[in-house]
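Okay, structure first, notes after.
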Amino acid sequence: MKRIIVGISGATGAIYGIRLLESLRDLGVETHLVITDPAKKTIAYETNRTIEQVISLATHYYEIDHVGAPIASGTFPVDGMVVIPCSIKSLSAIVSSFNVNLLIRAADVTLKERRPLVLVVRETPLHKGHLELMLKATELGAIIMPPMPAFYTLPKTVEEIVDHLVAKVLNVFGLPNRLCKGWGYQESEVIAKIKNI
C-alpha cells in the first residue's frame with residue numbers, strides 16, 4: 001500500500017486537493033492530511049464541503065501546529081507528498097526551509113529524504129520572484145505542476161478539468177487511474193477531421 005502526504009494550503013483551488021483525496025481513497029492509498037488555516041477558509045468559501053467532510057476523506061489527519069506528527073520526521077516512510085493547491089506563501093516557506101508549520105516541515109522532510117514532492121502552485125500572473133521560487137524548488141527536487149487545463153480531452157465540465165490535473169498528480173506516483181483519457185485516444189478522429197479541412 002502506498003502512503004502519501006497531502007497538504008492543502010490557502011490558495012484558490014481547494015477542489016483540487018479534495019478531489020485528490022477522493023481519488024487516493026478510491027485507490028486504497030493511505031493518506032496523511034494537513035490543512036493550513038487559510039485553506040480551511042478557502043474550502044468554506046469555494047466549496048460546499050465542511051472541513052470535517054474533507055478530513056474524513058483522509059486516512060490520518062494532523063493539525064497544522066502538530067510539529068510532533070509522524071510526517072514531521074524522515075524516519076516515517078512515505079512515498080511522497082503533494083501540496084495541492086500550493087500558495088506562493090507556502091512555496092516560499094518550502095524553498096527557504098522555513099518550517100513554520102507541519103505542512104512546511106513535512107515538505108522539507110520530503111525533499112531532504114529525496115522523495116517526490118509535487119507542488120500544485122496556484123497563482124497568475126507570475127512575477128520574477130514567483131518564477132525564481134519555482135526554479136529554486138525544482139533545483140531542490142520538487143516537481144512544479146501548475147493546474148493548467150488541457151483541452152485535447154474535450155472537457156465539458158469543471159469536474160473534468162479538475163480530474164485531468166489530479167490524474168497527472170497520480171501519474172507521478174505510478175498510480176493507475178481512469179480520471180481522464182490520455183493523449184492519443186482519439187487520434188483516428190483527429191486525423192479524420194484534418195482530412196476534411
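Excluding Val29 itself, what net charge comes from residues whose Cβ is under 10 Å from its Cβ, given Lys and Arg +1 and Asp and Glu -1?
0
With the Cα gyration tensor of segment 43-111 giving a ≥ b ≥ c as the square roots of its eigenvalues, does the rule (a/c under 1.5 for rounded; else a/b larger than b/c for prolate; else oblate) give rounded, prolate or oblate?
Numbers: a/c = 2.05, a/b = 1.34, b/c = 1.53.
Since a/c reaches 1.5 but b/c is at least a/b, the shape of segment 43-111 is classed as oblate.
Quote the charge dipole size of segment 3-195 about the Cα centre in Debye, to the nearest 20; the model charges only the Cβ of Lys and Arg (+1) and of Asp and Glu (-1).
The calculated dipole for segment 3-195 is roughly 340 debye.
Suppose R0 equals 41 Å. What FRET efficiency, 1/(1 + (r/R0)^6) with r the Cβ-Cβ distance, do Thr47 and Glu139 give to the nearest 0.05? Write down the numbers at each step before the final one.
On the way: r = 34 Å, r/R0 = 0.83.
The calculated FRET efficiency here is 0.75.
Can you give the net charge of the other residues whose Cβ lies under 14 Å from the Cβ of Cys180, counting K and R as +1 and D and E as -1?
+2
Angle check, please: helix 128-140 long axis (alpha carbons) against the longest principal axis of the chain (alpha carbons), in degrees 0 to 90, nearest 10.
Once rounded, the angle reads 80 degrees.
If you place +1 on the Cβ of every Lys and Arg and -1 on the Cβ of every Asp and Glu, how big does the dipole about the Cα centre of segment 36-149 come out, in debye to the nearest 20?
160 debye
Taking Cα atoms, how many degrees apart are the long axis of helix 158-172 and the longest axis of the chain, rounded to 10 and kept between 0 and 90?
For helix 158-172, the angle is close to 70 degrees.
Using alpha-carbon pairs under 8 Å, 6+ residues apart, how would you state the relative contact order of the chain in percent?
20 percent
Restricting attention to segment 92-177, which trypsin sites (Lys or Arg not before Pro) occupy a DSSP loop and are surrounded by at most 14 other Cβ atoms within 10 Å? The partial results should precede the final answer.
Numbers: sites: Arg105, Lys112, Arg114, Arg122, Lys128, Lys136, Lys156, Lys168; in loops: Arg114, Arg122, Lys156.
Those satisfying the criteria are Arg114, Lys156.
Work out how much length Leu126 to His66 would gain on full extension: take 0.36 nm times their residue separation and subtract the Cα-Cα distance, in nm to one decimal.
18.4 nm
Report the extension gain between Lys181 and Phe151 in nm, rounded to one decimal, defined as 0.36 nm multiplied by the number of residues separating them, less their alpha carbon distance.
This chain segment gains 9.7 nm when fully extended.
Could you work out the helix-only [θ] at 222 nm for the chain, with each DSSP H run of four or more residues adding -39,500 (n - 2.57) and the total divided by the number of residues, to the nearest 500 deg cm²/dmol?
So the calculated ellipticity at 222 nm is -12500 deg cm²/dmol.
How much of the DSSP bridge set in the chain is antiparallel, in percent, rounded to the nearest 5?
On the way: 0 of 19 bridges.
Given both bridge residues lie in the chain, the antiparallel proportion sits at roughly 0 percent.
Using only Cα atoms, locate the centre of segment 104-156 and the centre of segment 1-78, then give the distance between them in Å, rounded to an integer.
Here the two parts' Cα centres lie 17 Å apart.
Values in this text are rule-based calculations from the coordinates and carry no lab data. The structure displayed is predicted, hence computed values, not measured ones. Cβ atoms come from the backbone with ideal geometry, glycine included; neighbour counts cover every protein chain shown.
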